Amino acid sequence: MEDFTNEVINTKQLPRYEEVPLTPLHPKYLWVVLINSFIIIAVLVVGFFLLLSFDKENISPKFSMQLGSVVVVVSFFILFLSVLGFKKKAYAFRTHDVIFRSGIIATNTMVIPYNRVQHVALHEGFVSRLFGLAKVEIFTAGGNASDLEIPGITKEEAENIKQLLMGKIQKQL
């Protein structure tokens with residue numbers, strides 16, 4: 001126990017993850033985001049018209065106009081947030097860790113060291129597959145859900161990332 005030291009770390013000399021150049025998601029992923037948003041908007045619009053058609057007698061024209069206006073505003077809000085969210089997402093793979101930034105109002109930056117990675121999965125959604133894109137999911141110890149999901153990557157790059165991470169996991173064993 002005589003060799004124990006507990007030196008103070010100068011936090012101003014630590015490497016800054018904020019200075020790492022991040023790779024934005026593939027531009028085709030914006031189409032995936034927009035198509036998914038339009039599907040949600042279509043469900044809203046269909047719900048609006050179903051509501052109007054089932055209860056025509058009890059719904060006043062004024063209320064239906066107000067409700068229609070709300071549907072339009074919510075639809076534009078969904079589109080706006082979807083595009084803004086797409087623009088804010090970016091990632092980087094470094095020698096010892098992976099970085100992913102996301103968030104619209106508050107920016108979230110996750111840094112996961114490779115020695116914490118337990119499992120890696122590659123997923124292609126129906127719409128993403130049409131554009132040749134995939135999502136890499138990174139799992140760390142504990143829990144069933146992935147700790148980090150990086151969508152909007154070309155399938156070839158996603159497979160390369162999966163191989164890189166699997167290689168890092170094998171070196172730990």
Exactly one of these conditions fails for residue 21: (1) more than 20 Å from residue 135 (Cβ to Cβ); (2) part of a helix (DSSP H, G or I). Give me its number.
(2)
When you scan segment 4-11, do you find a residue that is in contact with a helix residue (DSSP H, G or I) (Cβ under 7 Å, 6 or more places away or on another chain) and either open to solvent by less than 90 Å² (accessible area, probe 1.4 Å) or on the phi > 0 side of the Ramachandran plot (or both), even just one?
no
Yes or no: residue 67 over 30 Å from residue 169 (Cα atoms), touching a residue at least 12 places away in the same chain (Cβ under 8 Å), surrounded by 11 or more Cβ atoms within 10 Å (Cβ to Cβ) and out of contact with any Gly (no Cβ under 7 Å at 6 or more places or on another chain)?
yes
Positions within segment 73-113 being of a type in the set (S, T, N, Q) and either touching a Pro at 6+ places or on another chain (Cβ under 9 Å) or touching a residue at least 60 places away in the same chain (Cβ under 8 Å) (or both), in sequence order
109
For segment 129-159, which residues satisfy the criterion of being outside any strand (DSSP E or B), within 17 Å of residue 90 (Cα to Cα) and open to solvent by 20 Å² or more (accessible area, probe 1.4 Å)?
147, 155, 157
Got at least one residue in segment 70-92 being among the aromatic types (Phe, Trp, Tyr), under 23 Å from residue 162 (Cβ atoms) and within 22 Å of the chain's Cα centre (by Cα)?
yes
Count of segment 122-133 residues which are free of Cβ contacts under 8 Å to residues at least 40 places away in the same chain and under 17 Å from residue 166 (Cα atoms)
1
If you take the residues in segment 43-98 that are among the aromatic types (Phe, Trp, Tyr) and modelled with pLDDT of 90 or more, which one is farthest from residue 120 (Cα to Cα)?
76
Scanning segment 71-106 for residues that are under 12 Å from residue 25 (Cα atoms) and basic (Lys, Arg), which turns out surrounded by the fewest Cβ atoms within 10 Å (Cβ to Cβ)?
87
Would you say residue 34 is open to solvent by less than 50 Å² (accessible area, probe 1.4 Å) and touching a helix residue (DSSP H, G or I) at 6+ places or on another chain (Cβ under 9 Å)?
yes
Sole miss for residue 122 among (1) under 29 Å from residue 16 (Cβ atoms); (2) of a type in the set (A, V, I, L, M); (3) touching a Lys or Arg at 6+ places or on another chain (Cβ under 7 Å) is condition (1)
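The values are calculated or read from the model by the stated rules, or taken from the named source; none is laboratory data. Worth saying up front: this structure is predicted, and the values here are computed from it rather than measured. When we count neighbours, we look across all protein chains shown, and the Cβ atoms used for this are built from the backbone with ideal geometry, even at glycine. Just so you know, the surface numbers come from the protein's heavy atoms only, side chains and all, with ligands and any DNA or RNA stripped out. Shrake-Rupley method; radii C 1.70, N 1.55, O 1.52, S 1.80 Å.
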